[in-house]
Each structure stands twice: as structure tokens, then as C-alpha cells.
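Below: the structure, in C-alpha cells.
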Amino acid sequence: QHQQKVEANILVLGAENVGKSALTVRFLTRRFIGEYVGTESIYTHNIMVDGRETFFSIWDSVCPQNPNLQTCVTDEQLRWGDGFILVYSICDRESFNVVRQQLQRIRQLKKRQGSAPVIIVGNKRDLQHRREISSEEGRLLAIGSDCDFFEISAAETYHGSLVVFHQLLESVRENRSAS
Ligand code: GDP
Ligand code: MG
């Protein structure tokens, strides 16, 4: 009997209300439903990457309401994740600061345990009139810490979510074959 082997654990992180669940559900179902339950969820999914079927898990995390920024990423989450998606909202400065802190935590811990690919996602690109973080600022944070960067709107398109997850799975695979 064919055993489904999970090849990668992907952790979706970021402040509350930035669209972590919207991004995850958009990728899994191609749909945007608008309101999401605020509970932790781990999904298993498979897609074709470079002509190969790839099984992986996605942990859609929940950030505490008043995040103690240092503990917003737990050691358990850090150990679990092979790749990380850090989401902020382009119209929420505080959420960008959360991503900055979480990035530091990941880089600290994973320096010791071998590196792990990280993608920074600026979500809610449709809300241009409320933008607080320029694309340039997002890109600079990513470049400075060797991450990929995308601005997307989970509300408006499926494509952005697809690109984010595909890119991260490819990076996890490359990272693995390099070490
Ligand atoms: P989470 O707490 O990070 O999981 O955020 P949710 O996925 O629950 O989304 C929080 C709110 O933002 C919900 O009301 C969503 O409908 C909304 N939202 C998520 N993504 C977008 C987006 O790309 N654009 C807009 N305008 N709203 C979004
Ligand atoms: Mg959520």
C-alpha cells in the first residue's frame, strides 16, 4: 500500500487579523470566504512541484491578542517548521513589526539547527488607500535576511497564494538537497 509521506511542514505566522487563514484557505480551496474561525489548524495537502507529487502540512497559527512579541513564535513551532510564511498586512504597521521580530527568532534558532527558508508576505494589497508599509520597505526587510518577498491580496486572487506556497516548497526542497 502506498504510504503518503509528508515532505515538508509549513508554518504560517504573523500578527492577528493579517490574513493568515485567508491565505491558507485560499491556497487550499481557491476560495475567499471572508471570515475564518480563529482556531489553530493543521492541514495536509499535496500538489505537483516540478512534476513530482509533494505531500506537506500547513499549520495556520493563531497569534495571541496581546502578543508578547518574544514568545509569539514558540519553540515547538520553530522545531516543527521546515519552511515559514510570515504574513503582515500592508495597512498595519504593527503587524510589520511582528514579522520583523518573528524573523529574528527564526534566524536565531535555525542558525543552530540548519537554516530554514522564509517567505515574507505583505497581504491586503487591494487596500492601497490604507497602505502603511511601502513595497520597498517590505522588500528591503526580505533582502536583508535572505528571504523571498511577495505582496498579495488573498481577497482578490488565488494566484498569489499559489505562488507563495510553490516557492516555499521549492526552497525547502533545495535547502534539503544542499545540506
Ligand atoms: P488571521 O487572523 O491572520 O488568520 O486573519 P484572517 O484570515 O482571519 O483575516 C482577517 C480579516 O482580514 C478577515 O476579515 C478577512 O476577510 C480580511 N482579509 C484577509 N485577507 C484580505 C485581503 O487580502 N484583503 C482584504 N481587504 N481583507 C482581507
Ligand atoms: Mg487565522
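Every number in this text was worked out from the coordinates using simple rules, so none of it is lab data. Keep in mind that what you see is a predicted model, and the values were worked out from it rather than measured. Glycine gets a Cβ as well: all are built from the backbone with ideal geometry, and neighbour counts include every protein chain shown.
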Worksheet item: By DSSP, what percent of the beta bridges with both residues in the chain are antiparallel, rounded to the nearest 5?
Response: 30 percent
Response to the item:
If Ser145, Ser161 are placed from fewest to most neighbouring beta carbons inside 10 Å, the sequence is Ser145, Ser161
Worksheet item: Three principal axis extents, largest first, for the C-alpha atoms of the chain, in Å?
Response: 52, 37, 29
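Filter the GluC sites (Glu not before Pro) in region 16-68 down to the DSSP loop ones having no more than 14 other Cβ atoms within 10 Å, then list what survives.
On the way: sites: Glu16, Glu35, Glu40, Glu53; in loops: Glu16, Glu35, Glu40.
Filter output for region 16-68: Glu35, Glu40.
Once you charge only the Cβ atoms, +1 for Lys and Arg and -1 for Asp and Glu, what is the size of the charge dipole of the chain about its Cα centre, to the nearest 20 debye?
So the dipole magnitude of the chain works out to roughly 240 debye.
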Practice prompt. Find which of Gly122, Phe96, Gln108 sits farthest along the positive direction of the dipole of the chain, computed with +1 on the beta-carbon of Lys and Arg, -1 on that of Asp and Glu, about the Cα centre.
Written response: Gln108
Fill in: Karplus-derived 3J(HN,Hα), 6.51/-1.76/1.60, for each residue of region 126-137, Hz, glycine and proline x
5, 8, 4, 5, 10, 4, 10, 10, 6, 4, 4, 5
Response to the item:
Only helices counted: for the chain, with every DSSP H run of 4 or more residues adding -39500 (n - 2.57) and the sum spread over all residues, [θ] at 222 nm is -11500 deg cm²/dmol
Worksheet item: Counting other Cβ atoms within 10 Å of each Cβ, which trypsin sites (Lys or Arg not before Pro) in region 26-113 have at most 13 and sit in a DSSP loop?
Response: Arg30, Arg31
Discussion item. Which one, Ser41, Ser95, Ser153, has the greatest fluctuation when you compute a Gaussian network model over the chain with C-alpha springs under 10 angstrom?
Written reply: Ser41
Worksheet item: Which ³J(HN,Hα) values, rounded to whole Hz and listed in residue order, are derived for region 139-148 from phi using the Karplus coefficients 6.51, -1.76 and 1.60 in 6.51 cos²θ - 1.76 cosθ + 1.60 with θ = phi - 60°, glycine and proline given as x?
Response: 5, 5, 4, 5, 4, x, 10, 6, 10, 7
Fill in: Amide H contacts under 5 Å for Gly83, placed H, 5+ residues apart
Asn9, Leu11
Worksheet item: Any idea what Rg and Dmax come out to for region 35-113 if you just take the C-alpha atoms, in Å?
Response: 14.4, 43
Worksheet item: Among the aspartates and glutamates, which fall within straight-line cross-link reach of Lys20, defined as a Cα-Cα distance under 18 Å, with same-chain neighbours fewer than 8 residues apart omitted?
Response: Glu35, Glu40, Asp60, Asp82, Asp92, Glu94, Asp126, Asp148, Glu151, Glu156
Worksheet item: Mind checking the dipole of region 55-159: about its Cα centre, +1 per Lys or Arg Cβ, -1 per Asp or Glu Cβ, Debye to the nearest 20?
Response: 340 debye
Response to the item:
In whole Å, largest first, the alpha carbons of region 88-179 cover along the principal axes 44, 26, 17
Worksheet item: Each residue of region 158-167 in order: what ³J(HN,Hα) in whole Hz does its phi give by Karplus 6.51 cos²θ - 1.76 cosθ + 1.60, θ = phi - 60°, with x for Gly and Pro?
Response: 7, 3, x, 5, 4, 4, 4, 5, 4, 4
